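Q: After the structure tokens below, expect a handful of questions from me.
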Amino acid sequence: MSRTLYDLIGLFAGVCFILALKGLSHPKTARRGNKIGAVGATIATLVVFFYANEGSSLPLNNLGWILGAVAVGALIGVPAARKVQMTQMPQLVALFNGVGGGAAALVAIVEYLHLGNTATTAEVIFTVFTVIVGCVSFSGSIITFLKLQELMTTRPVVFPGGRFVIAGTLVAVLGVAVWVVSALGTTPLLVLAALSLLFGVLFVLPVGGADVPIVISLLNAFTGLTVAASGYVLNSVLLIIAGTLVGASGTILTRLMAEAMGRSLFGTLFGAFTAKPQDTSGVAEERPVRSGSPDDVAILLNYARRVVIVPGFGLAVAQAQHTVRELADLMIAKGIDVAYGIHPVAGRMPGHMNVLLAEANVPYDQLLEMDEVNPTFGQTDVAIVIGANDVVNPAAQNSPGCPIYGMPILEVSNAANVVFLKRSMRPGFAGIENELLYDPKTMLLFGDAKASLTKVVSALKAL
Amino acid sequence: MSAVAIISIFTLAVFVGFEVVSKVSSTLHTPLMSGANAIHGVILVGAIIVADHSSTNLELGLAVAAIVLATINMVGGFVVTDRMLEMFKGKK
């Protein structure tokens, strides 16, 4: 195959990626968009096997190794993606992003070893960039995975002098980068990779709770840029186009996500440099709460005219989406006005709740976004909060200094009654106490969301 | 390829990337991120190219690891995005 044809096919794949991102931006075309992207990626991969780079011939060297490695990757990736539960998708995306960054860093290292002293300065600079950013993306994504999977604390990890350690590591990374460019050698490059991995860990550790998805999106954009840089070193137009597209759209997406959550992007990213160690040692005081039985909740609902359901991560964990729909249908049959109040970041990721409720075939017109539902809480008799906490926490509005201050919330406290379905008094993902739980108009129903909802449904049927 | 050509491609791709996702509802943030994530899995192409011209066992070993990781990223990424979007079907 000629170089021209090879590059034209690469361009075609690049166009597929543009159409994919375009399609993914609209609900109607999203699924088709993703498929177009997959077609582009498949074509791009197949065509490499039919083009001999200069100084090389077909079939590719090490073909057995290459095909074997692709098979292994597919055998790991496909079942992981197929079997993952809805609740765990965010961390899987983080993990996929991390391995992508790791792959880009490895490609850069191999190419560096291969080029040896024949590398031009520009090639070395791009290689160094890829190694740094790829390693940061890899180790950073692993930390976000551990946080989301709750294998480690979800709170910001801040240690005394942390900001100096982070700044020091960054300076060391840049210093070694200069060393690699000027001295060329394997050892400096490996030191650089190790320091970059460390920096990725330190960079993500201080990010807590609700900000984790924003960081995943940012690391995603980072990985895109490393792919673009690899494209330069490997002389591949396709990689430059694809990587740049992801880098640019990922940056915009990161900003959009931060806006949807009312977070400043700067504050999220550089929180590490400004955050102070939080005093978390204080024992939570025992305060009275009003807990009720499923019958109490059913009675409250039975005499309501308007009910707003606020789902959160607890609903996803309990897989209670079908039960909550059953409850909503029952209430609608009784002539009660029912709506779902969807916070943009309820759950672990933006859009998490929409996806979950769509699975239970909840009619789309019952799902109200935050701006639509907030003005209606004043006329709402009961707000049922199912496994959500941070997104309804008034501290975000009236407690400056708390980690979620400034995040727009669902103002359920304006409803006449609030019912919380919770597993325990444990605070939400961001680890902040919720004053609303102690409000006299709040009733708590403890237990697994699905079990509790099932009991409420049968109690309501009996009325 | 000339430096100017590369800078041109890069600059145009930046603007296209900004433009295509500038208006997207928060409902689609997660699938869009996941889809973009799958797209950067095309680093697989780069991994295959370096595996082809690897001349030492070290290079080949690292390249093979890169291929495995990149394939997980690409194939897994598209499959998981499709699963997320499956939930949106039949929606207006």
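Q: Taking 0.36 nm per residue of sequence separation and subtracting the Cα-Cα distance, how much length would be gained by fully extending the chain between A:PHE49 and A:ASP329, in nm to one decimal?
A: Between A:PHE49 and A:ASP329, full extension yields an extra 95.3 nm.
Q: While we're here: Are there any residues in the range A:110-130 with a reduction of at least 30 Å² in accessible surface when going from the isolated chain to the assembly of protein chains? Probe 1.4 Å, please list them by number.
A: Residues passing the criterion (a loss of at least 30 Å², heavy atoms only) are A:VAL110, A:LEU113, A:HIS114.
Q: Another question about this same structure. Can you give the average number of partner chain beta-carbon atoms within 10 Å of each beta-carbon in peptide A:337-346, as a whole number?
A: Partner Cβ neighbours, averaged per residue: 1.
Q: Additional query: Averaged over A:410-416, how many beta carbons belonging to a partner chain fall within 10 Å of each residue's beta carbon?
A: Neighbouring Cβ atoms belonging to other protein chains average 0 per residue here.
Q: How large a share of the accessible area of the range A:97-282, in percent, is made up of carbon and sulfur atoms when the probe is 1.4 Å and the other protein chains stay in place?
A: 70
Q: Something else now. As an exercise, use a Förster radius of 51 Å and the Cβ-Cβ distance of A:LEU184 and A:ARG82 to find the FRET efficiency, rounded to the nearest 0.05.
A: The pair A:LEU184/A:ARG82 has a calculated efficiency of 0.70.
Q: Still on this model: Percent antiparallel among DSSP beta bridges with both residues in the range A:294-462, to the nearest 5?
A: 0
Q: Output the 0 to 90 degree angle, nearest 10, between the alpha-carbon long axis of helix A:63-83 and the longest principal axis computed from the alpha carbons of chain A.
A: 10
Q: Moving to a separate point now. Given contacts defined as C-alpha pairs under 8 Å and at least six residues apart, what's the relative contact order of the range A:97-282, whole-number percent?
A: Averaging sequence separation for qualifying contacts and normalising by length gives 28 percent for the range A:97-282.
Q: Using Cα pairs under 8 angstrom and six or more residues apart, how large is the relative contact order of the range B:25-92, in percent?
A: Answer for the range B:25-92 is 45 percent.
Q: Relative to the longest principal axis of chain A, what angle (0 to 90°, nearest 10) does the C-alpha long axis of helix A:449-462 take?
A: It works out to around 30 degrees.
Q: Kindly give Rg over Rh for chain A, based on alpha-carbon atoms, with the Kirkwood expression for the hydrodynamic radius.
A: 1.04
Q: Ok, one more. Alpha carbon centre of the range A:37-70 versus the range B:23-92: separation in Å?
A: Answer, in whole Å: 16.
Q: Work out how much length A:ALA71 to A:LEU11 would gain on full extension: take 0.36 nm times their residue separation and subtract the Cα-Cα distance, in nm to one decimal.
A: 19.0 nm
Q: Expressed in nm to one decimal, what extension gain is obtained for the pair A:THR42 and A:VAL201 from 0.36 nm per residue of sequence separation less their Cα-Cα distance?
A: Gain in length upon complete extension: 54.0 nm.
Q: Okay, moving on. Per residue, how much accessible area does the protein assembly as shown have with a 1.4 Å probe, in Å²?
A: For the protein assembly as shown, the per-residue accessible area is 39 Å².
Q: Relative contact order of chain A, please, whole-number percent, based on alpha carbon pairs below 8 angstrom and at least 6 residues apart.
A: 13
Q: How much accessible area does A:ASP7 have with a 1.4 Å probe, in Å² rounded to the nearest 10?
A: Approximately 50 Å² of A:ASP7 is accessible to the 1.4 Å probe.
Q: Provide a whole-number value for the mean count of partner chain Cβ atoms within 10 Å of the Cβ atoms in peptide A:6-17.
A: The mean count of partner-chain Cβ atoms within 10 Å per residue comes to 2.
Q: Just to make sure I understand: if all protein chains stay in place, what is the order of A:HIS343, A:HIS322 by accessible area at 1.4 Å, largest first?
A: I get A:HIS322, A:HIS343, largest accessible area first.
Q: What does the accessible area of A:LYS35 come to, in Å² to the nearest 10, when a probe of 1.4 Å is used?
A: It works out to around 110 Å².
Q: What 222 nm value per residue comes from the helices of chain B, counting each DSSP H run with n ≥ 4 as -39,500 (n - 2.57) and dividing by all residues, nearest 500 deg cm²/dmol?
A: It comes out at -22000 deg cm²/dmol, rounded to the nearest 500.
Q: For the range A:294-462, compute Rh as the Kirkwood radius over C-alpha pairs and then the Stokes-Einstein diffusion coefficient at 25 °C and 0.890 mPa s; write the answer in µm²/s, rounded to an integer.
A: Reported coefficient: 158 µm²/s.
Q: At 7 Å along Cα-to-Cβ for each site, give me the label-to-label distance between A:ASP365 and A:GLN149 in nm.
A: Placing both labels 7 Å along Cα→Cβ, they lie 4.3 nm apart.
Q: Suppose R0 equals 35 Å. What FRET efficiency, 1/(1 + (r/R0)^6) with r the Cβ-Cβ distance, do A:HIS322 and A:VAL171 give to the nearest 0.05?
A: My answer for the efficiency is 0.05.
Q: I've got another one for you. How much accessible area is lost when chains A and B come together, counting both sides, with a 1.4 Å probe, in Å² rounded to the nearest 100?
A: Chains A and B together bury approximately 7900 Å².
Q: Using just the helices of chain A, give the 222 nm mean residue ellipticity in deg cm²/dmol: DSSP H runs with n ≥ 4 each add -39,500 (n - 2.57), and the total is spread over all residues, rounded to 500.
A: The per-residue figure over chain A is -19000 deg cm²/dmol.
Q: List the residues whose amide H sits under 5 Å from the amide H of A:VAL385, counting only those 5 or more places along or on another chain, with H placed 1.01 Å from N in the peptide plane.
A: For A:VAL385, the qualifying residues are A:VAL310, A:VAL419, A:PHE420, A:LEU421.
Q: I've got another one for you. With axes computed from alpha carbons, what is the tilt in degrees of helix A:89-115 against the longest principal axis of chain A, rounded to the nearest 10 within 0 to 90?
A: Result, in degrees: 10.
Q: Rg and Dmax of the range A:97-282 over Cα atoms: what are they, in angstrom?
A: Just the Cα atoms of the range A:97-282 yield Rg and Dmax of 16.9, 60 Å.
Q: With 30 Å as the limit, write out which pairs from A:LYS147/A:LYS450; A:LYS334/A:LYS422; A:LYS334/B:LYS23; A:LYS28/A:LYS83; A:LYS35/A:LYS422; A:LYS83/A:LYS450 have Cα-Cα distances beyond it, or answer none.
A: Exceeds cut-off: A:LYS334/B:LYS23; A:LYS35/A:LYS422.
The values are calculated or read from the model by the stated rules, or taken from the named source; none is laboratory data. Given the structure is predicted, the values throughout are model-derived calculations rather than measurements. Note that we place each Cβ from the backbone using ideal geometry, even for glycine, and neighbour counts take in every protein chain shown. When the accessible area is computed, the model is the full protein with side chains, heavy atoms only, and any ligands, DNA or RNA have been set aside. Shrake-Rupley method; radii C 1.70, N 1.55, O 1.52, S 1.80 Å.
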